[in-house]
Amino acid sequence: MPLIIPKELPAYDALSHENVFVMHRERAQSQNIRPLRILILNLMPTKIVTETQLARLLANSPLQVQITLLKTATHDPSHTSPEHMKAFYKTFAEIKHERFDGMIITGAPLEDLDYPEVDYWDELCEIMDYTKENVYSTIHLCWGALAGLYYHFGIPKVHLPQKMFGVFEHRVTRPSNPLVRGFDEVFYAPHSRWAGLDRAAIDACHDLRILAESDVAGPMLLSTDSGRQIFVIGHPEYDKYTLDAECKRDVAAGKPINIPCNYYPHDDPSRDPLFRWRAHGYLLYTNWLNYYVYQDTPYDLSQLEALKK
């Protein structure tokens, strides 16, 4: 089944060239099928790249999915044109009276800031509070996961002495959980962050379950029992060359950065990177859509109100 996105969005042509089934809204509206409504709060500076990465994963499902792109009103992006933001993004004020089947809150390169120092922190807190009653299941990614764990459960972040940068081996710790259904016992996922989590605080939080973790990178996938709140510390949505681009960007900027671990063959950046997390990235999002957004979500979103009682 197709992903429903505006035909003018850059991701539409990119995914069409990859033979990904995308459908523009006019065609979708002629069909008598209610698509799953997914809200994406895109906090990444590279908006168009992130839109395409997430759209690619959401399109790999037999379900019909319609995405709505959300921006913060309290921060203007500097890496994406105002025309693009105006054409394809909404503010929280425009959607706060709507309900969504699922939501994704992306990461942002803000690990060096304390949460209250982030200029849109109050707005993000309002949005995360909104998800508790108006979104059936929310995925928080990387910095978005760190921020979500702090806001919802008080889990503090821990600043790292060096960047967690590369592709790391993870093991599934709760294989019966639907989110990791079909996962190999060991799988790979990329990380790119300067902060981690207080593991003792996670272990002390009875509302959270660790579903997958790494001996090097730490907990990678966490969830509440209900699956209403999901936290992905890594970047399974990344393309093959995303870490390569980030590495070259930091080197050009003179930042102290090591090459990504376990990414280039024999750690030689002159060689083509190994893309070995793609299948599990697709599987994670397909499982989320199928088990936590589609099967569990009331078909009539107004029933969310009844579920609160």
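The values are calculated or read from the model by the stated rules, or taken from the named source; none is laboratory data. All figures in this text were calculated on a predicted structure; none of them were measured in a lab. Because the Cβ atoms are built from the backbone with ideal geometry, glycine has one as well, and the counts that use them run over all protein chains shown. Side chains included, ligands, DNA and RNA excluded: accessible areas come from the protein's heavy atoms. Shrake-Rupley method; radii C 1.70, N 1.55, O 1.52, S 1.80 Å.
Side notes on the structure shown:
- Spin-label model, D215 to R181: label points 7 Å out along the Cα-to-beta-carbon direction sit 3.1 nm apart.
- Between S78 and S270, the simple spin-label model (points 7 angstrom out along Cα→Cβ) gives 3.5 nm.
- Cα gyration tensor shape for the chain, rounded if a/c is under 1.5, else prolate or oblate: rounded
- Dipole magnitude for the chain: computed about the Cα centre from +1 point charges on Lys and Arg Cβ and -1 point charges on Asp and Glu Cβ, it is near 660 debye.
- Three-way shape label, the stretch 120-197, alpha-carbon gyration tensor, a/c 1.5: oblate
- Calculated mean residue ellipticity, 222 nm, the chain: -8500 deg cm²/dmol, from DSSP H runs (n ≥ 4) at -39500 (n - 2.57) each, averaged per residue and rounded to 500.
- Estimated inter-spin distance, K255 and Y241, nm [label 7 Å along Cα→Cβ]: 2.0
- The stretch 117-191: relative contact order as a whole-number percent, Cα under 8 Å and 6+ apart: 21
- On full extension, the segment bounded by D203 and D225 gains 6.5 nm, given 0.36 nm per residue less the C-alpha separation.
- A dipole drawn for the chain from +1 and -1 charges on Cβ atoms has a positive end, and of V232, G166, H97 the residue lying farthest that way is H97.
- Stretched out straight at 0.36 nm per residue, the stretch from Y291 to D112 would grow longer than its current Cα-Cα span by 60.9 nm.
- Largest accessible area first, the residues M44, M220 order themselves as M44, M220 under a 1.4 Å probe with ligands, DNA and RNA left out.
- Among L179, G154, H75 the positive-end extreme of the charge dipole of the chain (Cβ point charges): L179
- For K255, a cut-off of 24 angstrom between C-alpha atoms picks up these lysines, skipping any fewer than 8 places away in its own chain: K47, K157, K163, K240.
- To put it simply, the accessible area of the chain at a 1.4 Å probe is 50 percent carbon and sulfur.
- For the chain: accessible area per residue (Å², 1.4 Å): 46
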